[in-house]
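The values are calculated or read from the model by the stated rules, or taken from the named source; none is laboratory data. Fair warning: this is a prediction, and the values are worked out from it, not measured in the lab. For neighbour counting, all protein chains shown are included, and Cβ atoms are generated from backbone atoms with ideal geometry for every residue, glycine included. To get the accessible areas, we keep the full protein, side chains included, count just its heavy atoms, and leave off ligands, DNA and RNA. Shrake-Rupley method; radii C 1.70, N 1.55, O 1.52, S 1.80 Å.
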Amino acid sequence: MPHFAAGVVRFQNEVYPQKKELFEALSKGQSPEALFITCSDSRIETAMITQTEPGELFICRNAGNIVPPHTTYTGGMTASIEFAVAALNVPHIVICGHTECGAMKGAMDLGGLDALPHVKEWLAYSKAAVSAVDAVAPEADDAERMHLLLEQNVILQLQHLKTHPSVAARLAKGDLKLHGWVYDIKTGAVKAYDAATNSFAPVDEHYAAEIAAIAGSSSCTA
Ligand SMILES: [Zn+2]
C-alpha cells in the first residue's frame, strides 16, 4: 500500500474526528484569505509553512510558480486566478518561490531542456527574470545568480499577475494586496518583497507593523 494511501486511512480514523466541526463548516462553502501561488515542488508544504487550516488558502501550483501574462488564451492559471479574485474575492495573493527550484535551474539553462519540450516552453515565462539577473549581476557565480533569479522570478510573476483583468480591477479598487515571497527549504526562512525598496526582507521584518498591531490589540483585550 502506498504511504499516501495509508495516510488517508489514518486521516479518516485519527485526524478527521478531531476536526469534524471544521470540515462540516467547510462543506457549506469557502472563504479563503489568500490565493497562494507556489511551485509544484514536493518539498513545499503550504499548510505547514503558513500554519493554516483547510479553507484558508486557495492554492495554485505549477513548475516555477509562474503566472503567464494575460492573453485571450484560457489556461488553468488564468481561470483559477479569475475564480479566486472575482468569485471568492480573496483579499491577498501570494506568489511564493523557493530555493533549490528545479524549474528556475532549467530557466537558467533552457538549452539543457530539449528532452522536456513543454517544460522548456513553460519556462519561457521566466525569461525576463533571467535577463534581469544577467543585467544586474553579469559577473556573479552560479549560486548568486540562482539566488537573484528566485527573487527576480517572483517580481516578474507579480507583474504578470497585474495584467489579469480581475486582478487589475481589484487593485484599482484598492481591496487586493499582492505579496512576493521566497521560501528557503533548508532553513525554513521566508523572505518577502518590498516594492518600495525593491528588496526582500525576512517576513517578521516585512510584516513588523502588522505583527505589532496584532500584539497591541490582543494585549488591549486581554
Ligand atoms: Zn520549484
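What is the antiparallel percent of DSSP beta bridges lying wholly in the chain, to the nearest 5?
If I count the DSSP bridges inside the chain, around 30 percent turn out antiparallel.
What residue among P17, T71, Q51 has its Cα farthest toward the positive end of the dipole of the stretch 10-115, where the charges are +1 on Lys, Arg and -1 on Asp, Glu, each on the Cβ?
Of the options given, the answer is P17.
Counting only protein heavy atoms, what percent of the accessible surface of the stretch 44-148 is carbon or sulfur at a 1.4 Å probe?
The nonpolar share, carbon plus sulfur, comes to 57 percent.
Report, as a whole number in µm² per second, the diffusion coefficient that Stokes-Einstein gives for the chain at 37 °C and 0.692 mPa s using the Kirkwood radius over alpha carbon pairs.
The Stokes-Einstein estimate is 171 µm²/s.
Of K127/K162; K127/K186; K28/K191; K19/K173, which sit over 29 Å apart, Cα to Cα?
With Cα atoms farther than 29 Å apart: K28/K191; K19/K173.
Direction-averaged shadow area of the convex hull around the Cα atoms of the stretch 105-212, nm²?
If you wrap the Cα atoms of the stretch 105-212 in a convex hull and average its projections, you get 8.9 nm².
Leaving ligands and nucleic acids out of the surface, order R145, R170 by accessible area at 1.4 Å, largest first.
Of R145, R170, the descending order of accessible area is R145, R170.
To the nearest 10 Å², what's I211's accessible area with a 1.4 Å probe?
90
Using the Karplus curve 6.51 cos²θ - 1.76 cosθ + 1.60 with θ = phi - 60°, work out ³J(HN,Hα) for each residue of the stretch 34-49 in order, rounded to whole Hz, and write x for Gly and Pro.
3J(HN,Hα) across the stretch 34-49, in whole Hz: 8, 8, 10, 10, 9, 6, 6, 3, 5, 7, 9, 10, 4, 5, 6, 4.
Defining a contact as two alpha carbons under 8 Å apart and six or more residues distant in sequence, what relative contact order in percent does the stretch 29-172 show?
Dividing the mean separation by the residue count of the stretch 29-172 yields 29 percent.
How much length would be gained if the chain were fully extended between T197 and D114, taking 0.36 nm per residue of separation minus their Cα-Cα distance, in nm to one decimal?
Going from the current span to full extension adds 26.1 nm.
Return one whole number: the accessible area per residue of the stretch 142-222 in Å², for a 1.4 Å probe.
It amounts to 56 Å² per residue over the stretch 142-222.
Under a GNM of the chain (C-alpha, springs under 10 Å), which listed residue has the highest mean-square fluctuation: F58, F83, F23?
Sorting by GNM fluctuation, first place goes to F23.
Among the lysines, which fall within straight-line cross-link reach of K120, defined as a Cα-Cα distance under 22 Å, with same-chain neighbours fewer than 8 residues apart omitted?
Answer for K120, where 22 Å is the Cα cut-off: K105, listed by chain and number.
If you average the alpha carbon positions of the stretch 165-194 and of the stretch 28-107, how far apart do those two centres end up, in angstrom?
10
With unit charges on the beta carbons (Lys and Arg positive, Asp and Glu negative) and the dipole taken about the Cα centre of the stretch 71-222, which residue among I93, G174, A215 sits farthest to the positive side?
G174
Could you pull out every residue, at least 5 positions away or on a different chain, whose amide H is within less than 5 Å of the one on T163? Hs are placed 1.01 Å off N in the peptide plane, and Pro or chain starts have none.
Those qualifying (amide H under 5 Å, at least 5 residues apart or on another chain) are H70.
Across the stretch 118-133, in residue order, what do the Karplus-derived ³J(HN,Hα) couplings come to in whole Hz, using 6.51 cos²θ - 1.76 cosθ + 1.60 with θ = phi - 60° and x for Gly and Pro?
The phi angles translate into 6, 4, 4, 5, 4, 6, 4, 5, 10, 4, 5, 5, 5, 4, 5, 5 Hz.
Can you show me the helix-derived [θ] at 222 nm for the chain, built from DSSP H runs with n ≥ 4 at -39,500 (n - 2.57) apiece and divided by the number of residues, rounded to the nearest 500.
-12000 deg cm²/dmol
I need the trypsin sites (Lys or Arg not before Pro) found in the stretch 1-107, filtered to DSSP loop residues with at most 13 other beta carbons within 10 Å of theirs.
Answer by residue number: K28, R43.
I'd like the Karplus ³J(HN,Hα) series for the stretch 10-26: coefficients 6.51, -1.76, 1.60, θ = phi - 60°, whole numbers in Hz, and an x wherever there's a Gly or Pro.
The phi angles translate into 5, 4, 5, 7, 10, 8, 4, x, 6, 10, 3, 5, 4, 5, 5, 5, 5 Hz.
Cut-off 10 angstrom, C-alpha nodes, Gaussian network model of the chain. Which of A84, A25, A195 fluctuates the most?
Result for the chain, Cα springs under 10 Å: A25 fluctuates most.
GNM on the chain, C-alpha springs below 10 Å: top fluctuator among A86, A192, A135?
Among A86, A192, A135, the largest mean-square fluctuation in the Gaussian network model of the chain belongs to A135.
Enumerate the aspartates and glutamates that K177 could reach by cross-link, defined here as Cα to Cα under 18 Å, with residues fewer than 8 away along the same chain left out.
Partners within reach: E33, E56, E82, D194, D204, E205, E210.
Non-local amide H neighbours of D41 (under 5 Å, H modeled in plane, Pro and chain starts lacking H): which ones?
The answer is G64.
Only residues of the stretch 42-56 count here: report those whose backbone N is under 17 Å from the spot 7 Å along Cα→Cβ of S27, or say none.
54-55
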